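Take a look at the structure set out below.
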Protein chains: 2
Amino acid sequence: MGVVVAFEKGEGSGAGLELLMELVAGDMERVNEAILAHAQSHVEIIPELTAHLVNSGGKRLRPMMTIAAAQLGGYSGDAHIKFATAVEFMHTATLLHDDVVDESDLRRGRQAARLIWGNQASVLVGDYLLGQAFKMMVETKNLEALAILANAAAVIAEGEVLQLAVSHDTSTTEDAYLQVIGAKTAALFAAAAEVGAVVAARPKDEQAALESYGRNLGVAFQLVDDALDYSGKQALLGKSVGDDFREGKITLPVVLAYRRGSEQEREFWKRTLESNGQNDDDLETAVALVDKHNAIHDTIERARHYGAIARDAMAIFPSSPHKSALLDAIEFCISRAH
Amino acid sequence: MGVVVAFEKGEGSGAGLELLMELVAGDMERVNEAILAHAQSHVEIIPELTAHLVNSGGKRLRPMMTIAAAQLGGYSGDAHIKFATAVEFMHTATLLHDDVVDESDLRRGRQAARLIWGNQASVLVGDYLLGQAFKMMVETKNLEALAILANAAAVIAEGEVLQLAVSHDTSTTEDAYLQVIGAKTAALFAAAAEVGAVVAARPKDEQAALESYGRNLGVAFQLVDDALDYSGKQALLGKSVGDDFREGKITLPVVLAYRRGSEQEREFWKRTLESNGQNDDDLETAVALVDKHNAIHDTIERARHYGAIARDAMAIFPSSPHKSALLDAIEFCISRAH
C-alpha cells in the first residue's frame, strides 16, 4: 500500500518541514514557554496531564501555521505567540475530549490519558486548557482574530458531534465524510493560518489566502492520516494500525472500499463497523479489502487534490522563504503516506 | 433535619424569587430565544441534547444575575442578553461535563444526559455550547466583560479538577472545600453578576460590589445544595437524596460530621467514601451521623454567613426594586433549606 507519486512541484525548497521549523524556531521556543506557563496550576493533575500530552512528540503543525503566517506578514509584536499557544491548547483539548469513550467502548481502550487519569480528568483538564486559550486570546485585545478562533471552537465541536452521529454508518458518503473532517480538522488549520495574517493586519485577500491554504492543508492532512491508519507505513512509524477500524470510524478508505465492494464485502463492513462484532483476523481482512480496491492510493490522490488548492491559494504571495516553507508543509503532509 | 431560623432581614421584598423574576421576565424571554437559536445545528444531537437540559426546569439563576445587574445599572443595549445566554451555556456545559463518569463509577449512574446519548456526546455538545458562548461574547466586542468570563471558564475548570483531586479524601478541611466551591460554583455567579455592571459601564466600586455579591451568593447557594443532599427536604422537592454520598464527594456536611465524629464513625466515612464500599443501608447511617452532629444546621449557618456578606456588598446601592430583588435572591437561596 501507499504509492510513490511525484508531488506536483513548483516553488518550495523540497526540504520537508525543515525550512518551516527553522524559520519559526525562535518564536516556537516562546510558544513552548507559554504552553508550560499556562499549564501551571496548584492543582497537580493539570500540569501532569498537560505535560503528558505536550511531551508526546507532536509536530505542533498548527501553532507553526500561525507563527509562519504572522512572520510572512512581517508581524513583530507578541500576539501571534498567544494565538499560536491558544491554537495548540484548543488542539490538545480536542485530543483529550476525543479520548473519552462511551461505556460500550471501554474494552477497546488505547493508552490514552484517560486510561491513566480517568475520563473525568481528561474532560476537565481539556476544559481548563480551553479556558486558558480564551484568556490568552482575550489578552491580545484583537477582536477580529478572537472571533475567528471562537467560531472555530464551535465548528470543531459541531464536527466532532457530527462524526459521532455518522460513526458506525457504512452508508456515509464521501461528501458527508468531507463535511466531518472539514469541521473537526480543517477548521482549526484554517483559523490557525488566518489569524497569523489577521494579527499582522494584512489585507483581506491575504487573510483569505491563508484561510484557504490552512483549510485545504487540513483536509489533506486528515485524509493522509486516515489512509495511514490502514497502511503498513503507519507500523513503520511506530504507530498502531487499525485504530479507526476498531473504533468503527468511517473514514475515506472505508467509504471507497465499501462502495466499490461486492455485496459480501459490504456485509463484512456492516458486521465489523456497525455491529461492533469484530474478530481477531478482521483487521487483516479490512486492510486487504482497502488494498484490493486501491482505496489508500485514491485517498492520497484526493489529498493531493486539496494540496493543490492550498498551493494555488498561496500564489498571490511573492516568493519568500516563508512562502516556500508553507508550500513545503503541503508536500510534507502528503508525502508522509509513502 | 433542616431548621427554621429567621433570616436576618433588612431591605428586600420578602417575596422569594418572585420580584426578581418579574423584573427580568422580558429580558429572560430574549435569553430563552437566544438559547434556542444558538443551540440550533443541522447535527441533530446538539438541539436534542440542549433541549433536554434547557427544559429540565432549572431556575436560570445565573443569567438572571447578569440581567438584573445590567438593569440595576440602567443598561439599555443588547450585550447583557448575549452575556446572560453565554453564562447559561457555560453552566450547561459544566453540567454536561460533570456527568461524564470514570469507568469505576459506571454502575452508580444517574439518569443523566450521558445515559441517553453517551459520554462522548455529553462532552462534545458541552464543547459546542462553550464555543457558542465565546462566539456570542466576542460579538459584543466588550473585551472587559469577555476577560471576566474567559477567566471564570479557566477557574471553574480548575475547581472541577481540584474537586476530583480531593474527591474521596475524608481528611479534606473546610478551607479546602471552600476553595473547591469558590472555584467551581461561586466563580460563575461572581462573573455573571459582575459582567452585568461592566456592560452597563458602571464604576469600579459597583462592579466590585456585584462581583462580591455574586461570589458570596454562589458560596451560600452551593453550601445549601450540599446540605440538601443529606436532608429530607430534598426528597420533598422530588430530588434524590444521597447523590453526593454515593459518588464519594466530600461536602461540608461530611467534613463537619467526620471531624466531630468518633474514631468508629470516621472509619465508617473512610470505608464508604474512600474505598467505594457502600452497602444498602449506609446512606441511612450517613444521614443519621450528619444529623447527630448538627452538620446540616451548621452548614446552613455557614451559608447564612456568606449570605450576609453578599447582602452587605450591595449596601452601596440606593434602594430600588432591583436591589430588593437581588437581596431577596439571597434569602431564597438559603431558605430552600427549611
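Classification of region A:170-308 by its C-alpha gyration tensor yields a prolate form. The axis ratio a/c (a ≥ b ≥ c) is 1.5 or more, and a/b outweighs b/c. For B:E144 and B:L36, the difference between the fully extended length at 0.36 nm per residue and the C-alpha to C-alpha distance is 36.3 nm. No solvent, one uniform scatterer per C-alpha: report log10 I(q)/I(0) for region B:179-224 via the Debye equation at q = 0.13 1/Å, two decimals. Treating every Cα as an identical point scatterer, log10 I(q)/I(0) equals -0.26. Cut-off 19 Å, label point 7 angstrom out along Cα-to-Cβ of B:Q264: give me the residues of region B:276-290 whose amide nitrogen falls inside. Of the residues in region B:276-290, B:279, B:281-290 have backbone N under 19 Å from the label point off B:Q264. Residues considered: B:P318, B:P63, B:P203. Largest GNM mean-square fluctuation over chain B, using C-alpha springs under 10 Å, is found at B:P318. Remark: mean inter-chain Cβ contacts per residue of B:137-146 equal 4, using a 10 Å Cβ-Cβ cutoff to other protein chain atoms. Taking a cut-off of 16 Å between Cα atoms, list the aspartates and glutamates near B:K82, but don't count ones fewer than 8 places away on the same chain. Straight-line reach from B:K82, under 16 Å: B:D27, B:E29, B:E33, B:E139, B:E144, B:E194. To the nearest 10 degrees, how steeply does helix B:295-313 sit against the main Cα axis of chain B, on a 0 to 90 scale? Tilt relative to chain B: about 20 degrees. In chain A, the longest principal axis of the Cα atoms and the axis of helix A:18-38 are about 80 degrees apart. For A:G232, the distances from its label point to the matching points in the remaining copies are 7.5 nm, ordered from shortest, with each point set 7 Å beyond Cα toward Cβ.
Stokes-Einstein diffusion for chain A at 37 °C, viscosity 0.692 mPa s, with a Kirkwood radius from C-alpha pairs, works out to 160 µm²/s. Taking chain B as a Gaussian network of alpha-carbon nodes connected by springs under 10 Å, the highest mean-square fluctuation of the residues B:L19, B:L210, B:L164 belongs to B:L164. Against the longest alpha carbon principal axis of chain B, how many degrees, from 0 to 90 and to the nearest 10, is the axis of helix B:204-228 turned? Helix B:204-228 and the main axis of chain B meet at about 30 degrees. Largest GNM mean-square fluctuation across A:Q40, A:Q71, A:Q222, computed for chain A with C-alpha springs under 10 Å, falls on A:Q40.
Of the residues B:P321, B:A308, B:L289, the one whose Cα sits farthest toward the positive end of the charge dipole of region B:283-338, with +1 on the Cβ of Lys and Arg and -1 on the Cβ of Asp and Glu, is B:P321. Compute the distance from the alpha-carbon center of region A:130-156 to that of region B:186-213, in whole Å. Their Cα centres are 22 Å away from one another. Extending 7 Å from Cα along the Cβ direction at A:E18 and again at A:E174 yields two label points whose distance is 3.6 nm. Largest first and in whole Å, the equivalent-ellipsoid semi-axes of region A:227-337 read 34, 15, 10, each the square root of five times a Cα gyration tensor eigenvalue. Rounded to 0.05, the FRET efficiency of the A:E11 and B:N55 pair, given R0 = 41 Å and the Cβ-Cβ distance, is 0.15.
Quick check on region A:96-224: take the gyration tensor over C-alpha atoms, sort the square-rooted eigenvalues as a ≥ b ≥ c, and tell me if it's rounded (a/c under 1.5), prolate or oblate.
Values: a/c = 2.81, a/b = 1.39, b/c = 2.03.
Oblate is the answer for region A:96-224, as a/c is 1.5 or above yet b/c matches or exceeds a/b.
Label separation (B:E44 vs A:N294): 3.7 nm, computed from points 7 Å beyond Cα along the C-beta direction. Per 20 Å bin from zero, what fraction in whole % of the C-alpha pairs of the protein assembly as shown is there, up to the bin with the longest pair? Answer for the protein assembly as shown: a P(r) of 18, 48, 28, 7, 0 percent. Between A:D280 and B:A315, the modelled labels are 7.7 nm apart [label points 7 Å from Cα along Cα→Cβ]. Distances, shortest first, from the label point of B:E44 to those at the same position in the other copies read 4.7 nm; the point lies 7 Å along Cα to C-beta. In the distance distribution for region B:117-183, Cα-Cα pairs more than 19 Å apart total 51 percent. A point 7 Å from Cα along Cα→Cβ stands in for A:S56, and the other copies hold the same point at 2.9 nm, listed in rising order.
With Cα atoms as the point set, the radius of gyration and Dmax of region B:30-102 evaluate to 13.4, 46 Å. For region B:130-141, 3J(HN,Hα) computed residue by residue from phi via the Karplus equation (6.51, -1.76, 1.60; θ = phi - 60°) reads 4, x, 4, 4, 5, 4, 4, 5, 5, 4, 6, 6 Hz, glycine and proline entered as x.
All of the numbers you see were taken from the coordinates with simple rules; none came from a lab. The structure presented is a predicted model; accordingly, all values stated were derived computationally and were not measured. Positions of Cβ are generated from backbone atoms using ideal geometry, with glycine treated the same way; all protein chains shown enter the neighbour counts.
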